Amino acid sequence: MTFESTGQMDAAANPVAVENRSPATRTLQIAMIGTRGVPASYGGFETAVEEIGRRLVKRGHAITVYTRGSESREREYLGMKVVHLPAVPVKQLETLSHTGLSAVHAVFGRRPNAAFVFNAANSPFLPVLRARGIPTALHMDGLEWKRSKWGRRGKAYYRWAEEFGVRTADALIADAPGIGEYYDREFGVPTELIRYGAPILETAPTDGIRTLDLESGGYHLVVARFEPENHVLEIVEGYRASSATKPLVVVGSAPYAAEYTERIRAAAGDDPRIRFLGGVYDQDLLDALYFHAFTYVHGHSVGGTNPSLLRAMGAGTAVLAYDVGFNHETLDEHGLFFADAAEATERFTALEEDHERTVASGVQVRERAAVAFRWDDVASAYEDLALRLADRESMHDLGRRARRRSRAAL
């Protein structure tokens, strides 16, 4: 069987229909490969694996998660089997080395009915899995080759890996409509639109933010890696030029961008309103920061549906986002947008001047998150795809002939 659509397929477009459909008629062995694994303590992929995997376990499926670098060495977590494998501790090789070992382990162990491989960079290992008869879906993530942290060779590799993934996967997963449109436009192949879920917060303690000398509703929040495509510099420049009185709290760091970090700190100067907290890895404190912020300022521009944005929406915090299609679609226009530092300056002022409207916007984005970004629906979409893969539905016959249609310079 093949996927007949040549466009984007939203596997969770109707939450009510997905939720009310009959349970799976059979259980599957499913492998999840290519992330840091569980317990989730790092990023969006890891959270997705944990939230999806534990739900699929409750539905009777056997889930194996390949994990690296976890402090826990337990072989089971929330009902999921955890396989701990090493990785080469080098930026360019860590993910690939671990995924390669994971693919070999899956091939020589009990054959799963389906495998989900996360990150287009891991596409070289898809033929290994498929040669063993393991149908495989590749989560394409965002447009990674646009990220400044990669040099010319790194960007070229990501563009090659995208195309190789298109030509070797049984299915492609896109986490935002814009990503699906990109693969349709560039390669003429279908994608499965399966987004992330949003944790819904109804309350959060204030103890943590008080230790930081912050008040509920009394600050603007940024949570981002310091990379040019996340526009932290423009946010800081725009805020400093504004008349805002609530402080700007910046959470994040730049493991590979020392020069960019210096530019951000220089832009902040000695403005006492701007506070840099560095990385915050205490999830309870991070949740409290999202929940009690007056606004969340989101500068990400090259990803799809961003987990940080969803977390702010689920916390009911008004959003000021970078003016790009991914963010407009995720927010469904319930927010303000900025394209540069000057526009950010205007938005900070407007948000503080119209307090009532800002608070109302926070209510709207939480309602949007509760309806459109439910983890139960996400898990159902993955389950549905796994069942179809196990039944040998595949886009491979179409994808293996695909070639990139544009040759934009890196």
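Quick one: which residues, 5 or more positions from Glu393 or on another chain, have an amide H under 5 Å from its amide H? H modelled 1.01 Å from N in the peptide plane, none for Pro or chain starts.
Hits under the 5 Å cutoff: none.
Tell me which of Trp145, Phe108, Ala204 sits at the most positive position along the dipole axis of the chain, charges placed on C-beta atoms (Lys, Arg +1; Asp, Glu -1).
Towards the positive end, the residue furthest out is Phe108.
Could you give the dipole magnitude of region 207-372 about its Cα centre, charging the beta-carbon of Lys and Arg +1 and that of Asp and Glu -1, in debye to the nearest 20?
Roughly 260 debye for region 207-372.
Note the direction-averaged projected area, equal to a quarter of the hull surface, for the Cα convex hull of region 134-286, in nm².
Result: a mean projected hull area of 12.2 nm².
Just name one of His328, Ala344, Thr295: the one whose Cα is farthest towards the positive end of the charge dipole of region 207-372 (beta-carbon charges, Lys/Arg +1, Asp/Glu -1).
The one lying farthest along the dipole's positive direction is Thr295.
For the chain, what is the calculated [θ] at 222 nm in deg cm²/dmol (nearest 500), taking -39500 (n - 2.57) for each run of four or more DSSP H residues and dividing by its residue count?
Helices in the chain give a 222 nm mean residue ellipticity of -12500 deg cm²/dmol.
Given the peptides 376-388, 150-162, arrange them by the average over their residues of other C-beta atoms within 10 Å, most packed first.
376-388, 150-162
Just order 273-283, 333-343, 98-108 by mean Cβ neighbour count inside 10 Å, highest at the front, would you?
Output ranking for 273-283, 333-343, 98-108: 98-108, 333-343, 273-283.
Please compute the Kirkwood hydrodynamic radius over region 79-203, one decimal place, Å, based on all pairs of different Cα atoms.
For region 79-203, the Kirkwood estimate is 15.7 Å.
Report the extension gain between Arg405 and Tyr281 in nm, rounded to one decimal, defined as 0.36 nm multiplied by the number of residues separating them, less their alpha carbon distance.
40.5 nm
I want the antiparallel fraction of DSSP beta bridges within the chain, as a percent rounded to 5.
5 percent
Of all the Cα-Cα pairs you can form in the chain, what percent are over 38 Å apart?
In whole percent, the long-distance tail amounts to 20.
Can you tell me how region 164-228 classifies by the Cα gyration tensor, rounded, prolate or oblate, using a/c under 1.5 as the rounded cut?
prolate
Give the total of Lys-Lys pairs in the chain with Cα-Cα distances below 25 Å; include a pair only if its members are 8 or more places apart or on different chains.
5
Taking region 207-372, how much of its Cα-Cα pair set, in percent, is spaced more than 25 angstrom apart?
Cα-Cα pairs of region 207-372 separated by over 25 Å account for 22 percent.
I'd like the antiparallel share, as a percent to the nearest 5, of DSSP beta bridges with both residues in region 34-145.
Here the share of antiparallel DSSP bridges comes out near 20 percent.
Note down the relative contact order for the chain as a percent, whole number, built from C-alpha pairs under 8 angstrom at least six residues apart.
Here the relative contact order equals 20 percent.
Label Asp391 and Glu333 with points 7 Å out from Cα along Cα→Cβ: what is the distance between them in nm?
Placing both labels 7 Å beyond Cα along the Cβ direction yields 3.8 nm.
Show me the ranking of peptides 257-263, 366-372, 238-244 by mean Cβ neighbours inside 10 Å, starting with the highest.
Ranked by mean Cβ neighbours within 10 Å, highest first: 238-244, 366-372, 257-263.
Positive end of the charge dipole of the chain (Lys, Arg +1 and Asp, Glu -1 on Cβ, about the Cα centre): tell me which of Pro89, Tyr281, Val365 has its Cα farthest that way.
Pro89
Nothing charged except the Cβ atoms of Lys and Arg (+1) and of Asp and Glu (-1): what's the magnitude of the dipole of the chain about its Cα centre? Round to the nearest 20 debye.
Dipole of the chain, to the nearest 20 debye: 2100 debye.
A short reminder: the numbers here are calculations on the coordinates, not readings from a lab. Note that the coordinates shown come from a computational prediction; the quantities given were computed from them, not determined experimentally. With ideal geometry, Cβ positions are generated from the backbone for all residues, glycine too; neighbour counts draw on all protein chains shown.
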